[in-house]
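Asks: Got a structure for you, questions after.
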Amino acid sequence: MLSKKEELIITGAIKEAEEKTSAEIRVFMEERCPSEPLRRAIESFEKLGMTETKERNGVLIYVAIKDRKFAIIGDIGIHRKVGNDFWKKTAQEMKAHFTKGDIVSGIVAGIKQAGDALSTYFPRRDDDINELPDEIIY
């Protein structure tokens, strides 16, 4: 779905964002969305163990490439801090890139927005560990 260079750009953005926060950011991509994208994101979030983070502050960016659908969601810890408007605003920024055909920039924009919010509410601690892998899930 993505070239190696594109994968490195996205995983680099994840690593950079996670350097400032105790939270976890993941990207899950597939060709087709078997259901409504938000539902699929929630289902994937749970299957990927993202509800198991210590502070319940994980964020998942879900993208179905061929169906041109996506969703960005956060666990209860971050959602309580930022609310629905944050997710809508972030999705709008991502969509602006997607509409231009630039999937990678859209995903990176979502990662950066999420990373900024997460670093505000969940700054990195000295004892922080990377609880979940940074690689893109296909």
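Asks: Run residue 49 past the list (1) surrounded by 15 or more Cβ atoms within 10 Å (Cβ to Cβ); (2) at pLDDT below 95 and report the number of the one that doesn't hold.
Replies: Only one criterion is unmet by residue 49, namely (1).
Asks: Run down 35, 3, 22 and say which single residue is hydroxyl-bearing (Ser, Thr, Tyr), over 21 Å from residue 101 (Cα atoms) and without any contact (Cβ under 8 Å) to a residue 60 or more places away in the chain.
Replies: On the way: 3 fails: over 21 Å from residue 101 (Cα atoms); 22 fails: without any contact (Cβ under 8 Å) to a residue 60 or more places away in the chain.
Only one candidate qualifies: 35.
Asks: Taking the criterion of being at pLDDT 95 or above and closer than 22 Å to residue 1 by Cα, would at least one residue in the stretch 76-84 satisfy it?
Replies: Within the stretch 76-84, not a single residue is at pLDDT 95 or above and closer than 22 Å to residue 1 by Cα.
Asks: Same structure again: Within the stretch 97-134, work out how many residues are of a type in the set (Phe, Trp, Tyr) and under 16 Å from residue 24 (Cα atoms).
Replies: Filtering the stretch 97-134 down to residues of a type in the set (Phe, Trp, Tyr) leaves 98, 121-122.
Of the ones still in play, those that are also under 16 Å from residue 24 (Cα atoms) are 121-122.
The qualifying residues number 2.
Asks: Can you report the number of residues in the stretch 99-108 which are within 19 Å of residue 3 (Cβ to Cβ) and either buried (at least 21 other Cβ atoms within 10 Å of the Cβ) or of a type in the set (Ser, Thr, Tyr) (or both)?
Replies: Taking the stretch 99-108 and keeping what is within 19 Å of residue 3 (Cβ to Cβ), we get 100-108.
When the remaining residues are screened for being either buried (at least 21 other Cβ atoms within 10 Å of the Cβ) or of a type in the set (Ser, Thr, Tyr) (or both), the result is 105-108.
Going through the stretch 99-108 one residue at a time, the tally reaches 4.
Results for (1) closer than 19 Å to residue 109 by Cβ; (2) more than 13 Å from the chain's Cα centre (by Cα); (3) surrounded by 15 or more Cβ atoms within 10 Å (Cβ to Cβ), shown as yes or no for each residue.
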site: 43; (1), (2), (3): no, yes, no
site: 60; (1), (2), (3): yes, no, yes
site: 72; (1), (2), (3): yes, no, yes
site: 77; (1), (2), (3): no, yes, yes
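Asks: Do we have residue 4 as under 17 Å from residue 135 (Cα atoms), surrounded by fewer than 22 Cβ atoms within 10 Å (Cβ to Cβ) and over 15 Å from the mean Cα position of the chain (by Cα) here? Don't jump to the end; show me each part of the working.
Replies: Values: under 17 Å from residue 135 (Cα atoms): yes; surrounded by fewer than 22 Cβ atoms within 10 Å (Cβ to Cβ): yes; over 15 Å from the mean Cα position of the chain (by Cα): yes.
Yes; evaluated as a whole, the condition is true for this residue.
The values are calculated or read from the model by the stated rules, or taken from the named source; none is laboratory data. Just so we're clear, the structure is a prediction, and the values are computed from it rather than from any experiment. Ideal geometry is used to build each Cβ from the backbone, glycine not excepted, and the neighbour counts take in all protein chains shown.
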